[in-house]
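Have a look at the structure below before the remarks.
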Amino acid sequence: MSYLDNVRVFVRVVELGTLSAAGRDQRVTPAVASNRIKELERHMGVRLFNRTTRKLTPTEHGRVFYAGAVKILEAVNEAESAIADLSRNPKGALKITAPLGIGRRLIAPGIPEFHDRYPDIEVRLRLSDHNVDILNEGVDVAFKLGILEDSNLRMRGIMNCDRVLCGSPRYFDRRGVPSTPDELITERHDCLLLRYPGSREYYWTLQTPEGAQKLEVAGPYDSDDGDVLTQWALDGRGIINKPLFEVKPYIDEGLLVPILQETPPLSAQLAAIYPHKRFQDPKVRLIIDFMAERCQRLIGKILAEPDALREQSSAL
């Protein structure tokens, strides 16, 4: 077994807490991950983990080795990146994440084309509307709709995305159309929220002449999948707050109706977020440049020529 592979598994076991999680992260079985840890322990002649039925926790020796192991892997990655930069032949694995909506529509369909351009780069894509711990999960680049808050991360803005409140004609026929932001609350409208541990969408913020107005809206049910919310809205179950490019085809077809357009939600920034050191890696620069151009082009086309896009989708 490669010593470096053993070290990589060891680091991920410390960070994720279990052999199965570390194995999935490194794309090996739990049995292989276990063998790699045992080989490291035999090599160093010490026990690196205290084992329980549920979790592995590093021993004192393990904690000391972890600090050095992280530096070793960073040094190897930087050296490989420098060589790849000089040779103009970037290679290796990239772990990227994105929310379900933009991931399915924009990021995932572009991965094969990216790989065609750079066949030596292996891309591992994870889609989730949950908050992703970029540092602890070893993510190279996260594409997000939001604002960078973690000072340990860097951000490259891609574009600002307008958001819109909308619902189906059937819902508004039944419940009425709110004429002011306050009516979302006073009329007890069913607002469909994206919620999960750590979620921030427990209120909506609208732009008004008096400034930003936070509204603690509510609804009978919520989801951790943004596309589920859109489907519920299409089914006449409530009002959603979504990026315009995600719902514009439905609006153009009359399946969803925008409301409160004079006091729209705050726009969201589409951005690439990555750890500080990752931008030294040419693979990271390449995937960000590629996806930034792709997202700008496709979102612009959706907003400007929705009919052409729908005809293209139907042809597929």
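Looking at Gln312, Gln296, Gln261, which is the one that is open to solvent by 30 Å² or more (accessible area, probe 1.4 Å), in a helix (DSSP H, G or I), out of contact with any His (no Cβ under 8 Å at 6 or more places or on another chain) and modelled with pLDDT of 90 or more? Step through it out loud before you land on a result.
Values: Gln312 fails: modelled with pLDDT of 90 or more; Gln261 fails: in a helix (DSSP H, G or I).
None of the other options fit; the residue is Gln296.
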Review point. When both residues are 6+ apart or on different chains and their Cβ atoms are under 9 Å apart, which pairs have a first residue that lies in the range 211-224 and is farther than 23 Å from Thr263 by Cα, and a second that is surrounded by fewer than 12 Cβ atoms within 10 Å (Cβ to Cβ) and at pLDDT 90 or above?
Key: none
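Return yes or no: is Glu246 in contact (Cβ under 8 Å) with a residue 24 or more places away in the chain and either touching a helix residue (DSSP H, G or I) at 6+ places or on another chain (Cβ under 6 Å) or at negative phi (or both)?
Yes.
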Practice item. Tell me which of these Ala233 doesn't satisfy, since it passes every other one: (1) in contact with a strand residue (DSSP E or B) (Cβ under 6 Å, 6 or more places away or on another chain); (2) surrounded by fewer than 20 Cβ atoms within 10 Å (Cβ to Cβ); (3) in a helix (DSSP H, G or I). Key: (2)
Check your understanding: Quick check, is Arg200 within 21 Å of Gly101 (Cα to Cα), surrounded by fewer than 16 Cβ atoms within 10 Å (Cβ to Cβ) and modelled with pLDDT under 95?
Key -> yes
**Study point:** Any hit, the range 275-284, residues being modelled with pLDDT of 85 or more, open to solvent by less than 20 Å² (accessible area, probe 1.4 Å) and under 18 Å from Ile251 (Cβ atoms)
**Key:** no
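Tell me, which residue of the range 1-17 that is β-branched (Val, Ile, Thr) and within 25 Å of the chain's Cα centre (by Cα) is nearest to Ala75 (Cα to Cα)?
The selected residue is Val11.
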Exercise for review: Quick one: count up the residues across the range 67-106 that are at pLDDT below 85, open to solvent by less than 30 Å² (accessible area, probe 1.4 Å) and of a type in the set (Val, Ile, Thr).
Suggested key: 0
Review point. So Cys166 clears everything in (1) in a strand (DSSP E or B); (2) open to solvent by 20 Å² or more (accessible area, probe 1.4 Å) except one condition, right? Which one?
Key: (2)
Point to revise | Criterion violated by Ala218 - all others in (1) within 30 Å of Asp133 (Cβ to Cβ); (2) part of a helix (DSSP H, G or I) satisfied | key: (2)
**Study point:** Cross-chain or 6+ apart pairs with Cβ under 7 Å, the range 4-28 first and in the same structural domain as Asn77 (by the TED database), then among the polar types (S, T, N, Q) and in a helix (DSSP H, G or I)
**Key:** Arg8/Gln26; Val9/Gln26; Arg12/Gln26; Leu19/Ser34
Exercise for review: Look at Leu255 and say whether it is within 30 Å of Gly110 (Cβ to Cβ) and more than 26 Å from the chain's Cα centre (by Cα).
Suggested key: yes
Revision key, fill the gap. Over the range 221-230, the set of residues in a loop (DSSP other than H, G, I, E, B) and of a type in the set (Ser, Thr, Tyr) is Tyr221
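The values are calculated or read from the model by the stated rules, or taken from the named source; none is laboratory data. In this text the structure is predicted, and so the values were computed from the model without any measurement. Because the Cβ atoms are built from the backbone with ideal geometry, glycine has one as well, and the counts that use them run over all protein chains shown. Surface accessibility is based on the protein's heavy atoms, side chains included, excluding ligands, DNA and RNA. Shrake-Rupley method; radii C 1.70, N 1.55, O 1.52, S 1.80 Å.
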